[in-house]
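The values are calculated or read from the model by the stated rules, or taken from the named source; none is laboratory data. Source: prediction; values computed, not measured. Virtual Cβ from ideal backbone geometry, glycine too; neighbours counted across all protein chains shown.
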Amino acid sequence: MLNSQSNIGIIGAGAMGSGIAQVAATAGHEVCLFDLNEKSLQNSKSKLAKIMSRLVEKGRVTIEESEAIQGRIKYVDGLSHFECCDLVIEAVVEKLQVKQELFSHLENIMKEDAVLASNTSSLSIASIGGKLKQPERLLGIHFFNPAPLMPLVEIVPSLVTDSSIVENVRDLIDSWKKITVIAKDTPGFIVNRVARPFYSEAIKMLEEGFADEATIDWAIKELGGFRMGPFELMDLIGHDVNYVVTETVWTEMYFDPRYKPALTQKRLVEANRLGRKSGQGFYNYNEESINAQPNKDEKLGNVILNRILYMLVNEAIDALFLQIASKEDIDIAMTKGVNYPKGLIAWGAEIGFDTILRGLNESFERYGDDRYRPSVLLKDIVNGKVTI
Ligand code: NAI
């Protein structure tokens, strides 16, 4: 049974593993952090020292607390140290075979009742546990980047995960001051599935010459209340990362056209225009370059916003239809995982599901493209067959 005294193991000291270790140590747990690469461990340790001294400067933690948090993380040089851990969360490279082999090792080292978890974004939890003797003790605990700042955690049981473990893990992660939702073991879980049209419909409008990046970003922020527009957000995430998420969801969904990636983004990746990190993506980040200014035509802006918003609501409703998560959890996931200004299902009700269905049907007719296919649940709501 996991509780506030449980020892936590983290494997992989990259961006995610380091952040999760910080969260667990801040919650008072003893943490073991391991990485195959010695340099990653050293970087993780010095990065945490910098983060903690900034938090002390800002008055968020005292010097004593900062020292205690850092003192609770042990940087270890092998998996044998995980023998005493009650929960292990892996955040190593996103490769199925690597994760499977890692858990097979851990299963032999760790206690019989220890819980095993993966922070994977795109692999199925069932496949990661497929080679285990006791797959019922494995589940997904999916944090968002940066883990110490993003409140959402998706808890993902596989088909065979023991249900008592799910509840226990949810209570534990809640006690780390995170907001947890339960998601079905399906591609993209909640957030990375439901958010796809935010990017793809924006790129579609750009490809059509309907509006440019700056205008679309302006409409989404100014008229929609989103913190970032799709193009600046993709540039921030990095096109390599964002493209792979879309491609994985699409492939895993047996090439459902609704998730089809955009050639425009693929070309950016091929040309190494990865966004902020490479100096150029949709925008140019070199100091001397001047990016285009938005066309602040409100009528055009509203058309842009609605095209994206209707598809997002449709995706959220379809996730509910397919029982990916509860209505409440779908709305929490999008506001707490990607900072949407409102939950999409609540937003849909506010706009009117009939308006959204009409908009989607018009696009479906105009383009003949299955990406605009309305969810059966959306149709049932509008036809009065179902209330949600
Ligand atoms: P990263 O590349 O920053 O770090 C991965 C670390 O794992 C590296 O330090 C590497 O040396 C280490 N590693 C690789 N194989 C290992 C092994 N067999 N044993 C021990 N250490 C090993 O990667 P990042 O971004 O931290 O992602 C890690 C995991 O978290 C992936 O599964 C990813 O899909 C997932 N994730 C990533 C998010 C992101 O925004 N970066 C968000 C949520 C989940």
Per-region count, the stretch 92-106, residues surrounded by fewer than 20 Cβ atoms within 10 Å (Cβ to Cβ) and either in a helix (DSSP H, G or I) or touching a residue at least 24 places away in the same chain (Cβ under 8 Å) (or both): 9
In the stretch 1-46, the residues that are in a loop (DSSP other than H, G, I, E, B), modelled with pLDDT of 95 or more and more than 8 Å from the ligand (Cβ to nearest atom): LEU2, ASN3, SER4, GLN5, SER6, ASN7, ALA27, GLY28, HIS29, GLU30
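Got a sec? Which of ASP297, ASP318 is surrounded by fewer than 22 Cβ atoms within 10 Å (Cβ to Cβ), at pLDDT 95 or above and over 19 Å from the mean Cα position of the chain (by Cα)?
On the way: ASP318 fails: over 19 Å from the mean Cα position of the chain (by Cα).
None of the other options fit; the residue is ASP297.
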Test set (1) in contact (Cβ under 8 Å) with a residue 24 or more places away in the chain; (2) away from the ligand (no atom under 16 Å from the Cβ); (3) over 20 Å from PHE189 (Cβ atoms) - LYS277 fails condition number: (2)
Verdict on LEU152 being within 19 Å of ASP174 (Cβ to Cβ) and either more than 14 Å from the ligand (Cβ to nearest atom) or not assigned by TED's automatic domain parsing to the domain that holds ARG54 (or both): no
Search result, residues across the stretch 86-104 that are away from the ligand (no atom under 11 Å from the Cβ) and touching a helix residue (DSSP H, G or I) at 6+ places or on another chain (Cβ under 9 Å): LEU87, VAL88
Number of positions in the stretch 107-137 that are surrounded by 21 or more Cβ atoms within 10 Å (Cβ to Cβ) and assigned to a loop (DSSP other than H, G, I, E, B): 5
